[in-house]
Every structure is written in C-alpha cells, then in structure tokens.
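The values are calculated or read from the model by the stated rules, or taken from the named source; none is laboratory data. All of these numbers come straight from a predicted model, not from anything done at the bench. Here the Cβ positions follow ideal geometry from the backbone for every residue, glycine too, while neighbour counts run over all protein chains shown.
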Amino acid sequence: MKWLYNNWSKATIFLAIYMLILLLMYVKNENYALFLLWLQAPVYYLHQFEEYILPGGFSSFFNKIVLGSDQDEFPLTKKSSFWINVPLTFIAFPLSAILSQYVDMSIGIWAVYFSLCNAISHIAMFFIFRFKYNPGLIMSLLLNIPIGIYTVYYFATNHIISTPAQITGLTVGIAGQLLLMLWGFKILKPQIKELRQPY
C-alpha cells in the first residue's frame, strides 16, 4: 500500500488523457449529456495532477498554510490523501457515470456540483490567504468551474433531469465538500495541537 500512497497521483495525467480520448471517440456524439457527466472524471484527474504532481505541493500548502502545521506531511499525509482522492474520483465518479447511463441520468450530477464546490474552495483559499497560489487553483479556473457551470446550464436548459434532482445533486455536492472541510478542521487540525502539547 505504501507504493500506492506515494504514486497514485502519477496516474492522473495518463487516466485523464486516455479517458478523454475514449469519451470523444465513443460517447460525445452518442449521448452528449452522458459525455458531460463522464467528463467530470478526467477534469478532476487534471485537477489532482496539478495538486500533487505539477507543480504539486497541495499537502504542504494545506498543512502549513491552512492548518498551521510546521510540517509538510502532517497532519495531511500521503496515506490520507490517497484515501480522500482515490475512492472519490477513481471509483465514485466513474460509477456515478455508469449508473447515469444504465439507471437514471440524475445520478451523476452530484459529481458536477462537487467539482464546482471544490474548485470554489481553491479560489476562496487564494483570497483568504492573501493571494497565495494553492495547487489546484489553475485547473479550478480553467476546467472545473467553466465545465461545471456549462454542464449545469446544459442540463437545466435541455430539461435532462428534474429540478428536484438538480437540488439533490447540489446538496450532495455541497455536503461532500463540507465533510472534507470538517474533517480538515475538526479532525486534522486538533492533531497539530496534540503533537505540540508537552508531556
């Protein structure tokens, strides 16, 4: 598992390119709405590539700037980064798109809203921490937000899913981002204080 913890993020650029090629070849012209839902996965892989590979350093930024740690890899570790990102984007995103195709199109819309919420959090950090770049910000501005907004607009104007389904997806997306924030500030941040307490 240690190898996976250290190397999972290196696969994101290859997954993004490979998946995008397949989507353009086999999905885009057959079902454009489904294509937009599937597109959330490669977009987020590129987002993760910026966070962890090029330029990378999101864990260090989050630990030192956001949480106030004096360590690059604590309390957000490579292990915890793996378990946050991989189940979410390597499993839940594609699974939602598959279920959207075979069960109901509304199932995958939460991923769009989650991607938007996460991107907005990167922009918020940019302003909160005095215009300091945080890894993931560029892809948030160039991909996550434009594609996310366009997808929501396309689904709404073409009446692909109902308004209650949109609201449900929005609620799930916001809840997912809030859970990540609560985990960071209510579970990870106290670990820093515990480490600093004298014995």
Test: residue in segment 64-79 that is of a type in the set (Ser, Thr, Tyr), modelled with pLDDT under 95 and over 22 Å from Ile13 (Cα atoms): yes
Residues that are closer than 21 Å to Asn144 by Cβ and either among the charged types (D, E, K, R) or in contact with a helix residue (DSSP H, G or I) (Cβ under 7 Å, 6 or more places away or on another chain) (or both), drawn from segment 1-26: Trp8, Ser9, Lys10, Thr12, Ile13, Leu15, Ala16, Met19, Leu20, Leu23
Count of segment 122-155 residues which are farther than 30 Å from Leu34 by Cα, among the aromatic types (Phe, Trp, Tyr) and without any contact (Cβ under 8 Å) to a residue 40 or more places away in the chain: 4
Candidate set: segment 171-199, residues that are aliphatic (A, V, I, L, M) and at pLDDT below 85; chosen: the one nearest to Asn85 (Cα to Cα): Ile192
Checklist (1) in contact (Cβ under 8 Å) with a residue 12 or more places away in the chain; (2) out of contact with any helix residue (DSSP H, G or I) (no Cβ under 7 Å at 6 or more places or on another chain) applied to Leu36, failing item: (2)
Some residue of segment 163-172 being of a type in the set (S, T, N, Q), assigned to a helix (DSSP H, G or I) and buried (at least 19 other Cβ atoms within 10 Å of the Cβ): no
